Structures are given as C-alpha cells and as structure tokens.
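**Q** One structure is given below, represented as structure tokens, and several questions about it will come after.
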Ligand SMILES: [Fe+2]
C-alpha cells in the first residue's frame, strides 16, 4: 500500500513565482500558501532573482519545477545539471522537485519545448532507467508531470495514463497531474479526459497544476495565458475527490495580470473542494466535459496539420 501523496504534505493553494510579481510579493507578503519556482531561472543566477528568492524562501514553502531534465531524451543525462538542481533544492529547502515526461533536446541542443515521447515499451524502459539514476543523484523522489501534447506516435502501444502508472510504480516516483494538460491533450488526440483522471494512480499524485489554454477550434494550445475553464475545473474536482486533497498550483505565464488576480484564480479551487464535492462524477459528467470541446470558436486559425495530429513514424 502506497502512502497517499507519498508522504508529502498538502501545501494548499499555490502560485507559480514570476519575476513580474517580485515587488508586490516582497512589499505585501500576500497570504498565499506556497510558491512553485521554475528551477532553471535560479540555478545559475546569483543576481536579483536569487536575491529575491532567498527572501521568499524565508516566508513561504517552495517547490521546484524544472523544464530541461529531458528525461525522455536519447542524449545522456546531464549530470552537471542534476548537481545544480540538487544544490538549489538544498538552498531553498524544496518540498519536492518536479519535471515533465518529455524530452527537450537532442545532440546537446535545447529546443526549449516539452516534446512528447512514444508511449511504448522501449521508451518506458528507457525512462524508468533514467528516473532511477536521477533519483540516485538527487537523493530524493522525482515528481513527473503529464505534458500537453500535439502529436502522437504510430509506435505507441498504450495510453499516457498507463505509461505514467507503470513508470511511477517501477521507480517509486511521484506524479504531478496537470488537469489542464489532460484536457488540452484530450482535445488534440480525442480521448476521454475523465477516463485519464480516473485511471492514474491517485495515491502517487503529489501535486496538481491548473492553467488556462487557447482553444483554436480544432485543437488547443497550452498557453498559460488566462483563466481556468469550467471543463478543467471539472477535472480538478474529480482529482480532488480521488486524491482526498492535493497541493494545487496555478500556472500563468503569458499576459500575466497583477498578482492579486492570479491568486484569486487559484483560490477558486476552494469552491470545487467543498460543497460541489457532494455530487458524484459519473460517465454523464464525462460526456459533458467531452461535449464542451464542441464549443470552440468558429473563427479558429486553420489547423497546422503537419504539426498537430500528425502520426510520427
Ligand atoms: Fe503544468
């Protein structure tokens, strides 16, 4: 039996730390439960970002979220990167360290994109082997997030939730469930997002991400530039119900409004944890979530078929 959240505390409702909010946070010490930092923004810097972070660390719990571990790449793991990650985790007393199930480059080049992996046995074996190594180096459990994706691979043999489940059980790693990513990918690849959320191992979910996205009509892009839409809140409610309560974080990375507005958005999660939980999510709820995909704007930009929905051999 695996301990819920793998023994990690439920930190409450947090906000992704962004530099545009530094002055407000330092001046006002807002009543936010915790912050998540993008690890790479602080690993090499000894300047203002690091100075600000040191002050925030004194007042708030910190979680580290990385974007370039490239756990799925065929490149060797970057041990210099992992050493820096470990050092930063010690400095900020990180509650946990997360990254994504993806690859971000090859042949030493960083694409700065979170690219999808084939969901097949060889890739699963490859990722499992690398997670073991990373956890040995970091001397802590790694938490991995489901990515939003725009292509699928012809050689994939299992749904993403099965890949994540087997990966987590084999390595004892944790999961960061981004319910917006589940929704975005479900639109792009036409799968049932409720089945996905129902199927991941809930006791291994350490954290949840919420975010806004852009609906292009025939597909969605994970833009993190707005409020959380109702179907994503539905998935959050289901996640809360299945996990029994989970550290929840709002990501807002483009068109970032004042801090108070970002904070207010994540506080909406409280509504979805309480009275609405008396209702039971059923297959009817599932169909309502799926059907809302049809409400996409008719003025959508034409789908770039080469990029989205392509089957990569
Ligand atoms: Fe996320």
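The values are calculated or read from the model by the stated rules, or taken from the named source; none is laboratory data. Fair warning: this is a prediction, and the values are worked out from it, not measured in the lab. Note that each Cβ is placed from the backbone with ideal geometry, even for glycine, and that neighbours are counted across all protein chains shown.
**Q** Can you pull out the residues in the stretch 228-244 that are surrounded by 18 or more Cβ atoms within 10 Å (Cβ to Cβ) and either in a loop (DSSP other than H, G, I, E, B) or within 16 Å of the ligand (Cβ to nearest atom) (or both)? Even if it seems obvious, please write down each step before you answer.
**A** If we filter the stretch 228-244 for residues that are surrounded by 18 or more Cβ atoms within 10 Å (Cβ to Cβ), which is where we start, we get 228, 231-241, 243.
Hits for the stretch 228-244 are 228, 232, 233, 235, 236, 239.
**Q** Restricting to the stretch 79-114, what's the tally of residues that are surrounded by fewer than 17 Cβ atoms within 10 Å (Cβ to Cβ) and out of contact with any helix residue (DSSP H, G or I) (no Cβ under 9 Å at 6 or more places or on another chain)?
**A** Residues that pass the stated criteria total 11.
**Q** Go through (1) outside any helix (DSSP H, G or I); (2) under 25 Å from residue 273 (Cα atoms); (3) at pLDDT below 95 and name the single condition residue 5 misses.
**A** For residue 5, the exception is condition (1).
**Q** Got at least one residue in the stretch 270-281 being closer than 30 Å to residue 23 by Cβ and modelled with pLDDT of 50 or more?
**A** Just the residues of the stretch 270-281 that are closer than 30 Å to residue 23 by Cβ, to begin with: 270-271.
If we keep only those that are modelled with pLDDT of 50 or more too, we end up with 270-271.
Within the stretch 270-281 (the criterion being closer than 30 Å to residue 23 by Cβ and modelled with pLDDT of 50 or more), the answer is yes, since at least one residue qualifies.
**Q** Could I ask something else about it? For the stretch 58-69, which residues satisfy the criterion of being within 28 Å of residue 133 (Cβ to Cβ) and touching a helix residue (DSSP H, G or I) at 6+ places or on another chain (Cβ under 9 Å)? Full working, then the answer.
**A** We begin by selecting, within the stretch 58-69, every residue within 28 Å of residue 133 (Cβ to Cβ); these are 61-69.
Scanning the stretch 58-69 gives 62, 64, 66, 67, 68, 69.
**Q** For a quick check of your reading: which strands (runs of 3 or more DSSP E) sit entirely within the stretch 77-173 and have at least 1 residues that are without any contact (Cβ under 8 Å) to a residue 24 or more places away in the chain and within 16 Å of the ligand (Cβ to nearest atom)? Quick ask: steps written out before the conclusion?
**A** Numbers: elements: 97-100, 103-106, 109-115, 142-145.
Result: 109-115.
**Q** Quick check on the stretch 20-57: of everything there that is free of Cβ contacts under 8 Å to residues at least 60 places away in the same chain, part of a loop (DSSP other than H, G, I, E, B) and closer than 18 Å to residue 259 by Cα, which residue is nearest to the chain's Cα centre (by Cα)?
**A** That would be 33.
**Q** Hey, any hits in the stretch 151-159 for a residue that's buried (at least 23 other Cβ atoms within 10 Å of the Cβ) and either within 21 Å of residue 266 (Cα to Cα) or in contact with a strand residue (DSSP E or B) (Cβ under 9 Å, 6 or more places away or on another chain) (or both)? Break it down into steps so the answer makes sense when it comes.
**A** Narrowing the stretch 151-159 to residues buried (at least 23 other Cβ atoms within 10 Å of the Cβ): none.
Checked against the condition, which is being buried (at least 23 other Cβ atoms within 10 Å of the Cβ) and either within 21 Å of residue 266 (Cα to Cα) or in contact with a strand residue (DSSP E or B) (Cβ under 9 Å, 6 or more places away or on another chain) (or both), the stretch 151-159 yields no hits at all.
**Q** Additional query: Against the condition within 21 Å of residue 146 (Cβ to Cβ) and surrounded by fewer than 21 Cβ atoms within 10 Å (Cβ to Cβ), how does residue 67 come out, does it pass? Give the steps one after another, and end with the answer.
**A** Details: within 21 Å of residue 146 (Cβ to Cβ): yes; surrounded by fewer than 21 Cβ atoms within 10 Å (Cβ to Cβ): yes.
Yes; evaluated as a whole, the condition is true for this residue.
**Q** Right, here's the next one. Which residues, counting only those in the stretch 201-227, are more than 16 Å from the ligand (Cβ to nearest atom) and either in contact with a helix residue (DSSP H, G or I) (Cβ under 7 Å, 6 or more places away or on another chain) or closer than 17 Å to residue 114 by Cβ (or both)?
**A** If we filter the stretch 201-227 for residues that are more than 16 Å from the ligand (Cβ to nearest atom), which is where we start, we get 201-204, 215-219.
Result: 201, 202, 203, 204, 219.
**Q** Okay, moving on. Is the stretch 177-184 home to any residue that is within 16 Å of the ligand (Cβ to nearest atom), outside any helix (DSSP H, G or I) and surrounded by 23 or more Cβ atoms within 10 Å (Cβ to Cβ)? Break it down into steps so the answer makes sense when it comes.
**A** Initial filter on the stretch 177-184 (within 16 Å of the ligand (Cβ to nearest atom)): 177-184.
Applying the additional criterion that residues be outside any helix (DSSP H, G or I) yields 177-178.
If we keep only those that are surrounded by 23 or more Cβ atoms within 10 Å (Cβ to Cβ) as well, we get 177-178.
Within the stretch 177-184, one or more residues are within 16 Å of the ligand (Cβ to nearest atom), outside any helix (DSSP H, G or I) and surrounded by 23 or more Cβ atoms within 10 Å (Cβ to Cβ).
**Q** Could you figure out which of (1) at pLDDT below 95; (2) surrounded by 15 or more Cβ atoms within 10 Å (Cβ to Cβ); (3) assigned to a loop (DSSP other than H, G, I, E, B) isn't true of residue 223?
**A** Result: residue 223 passes all but (1).
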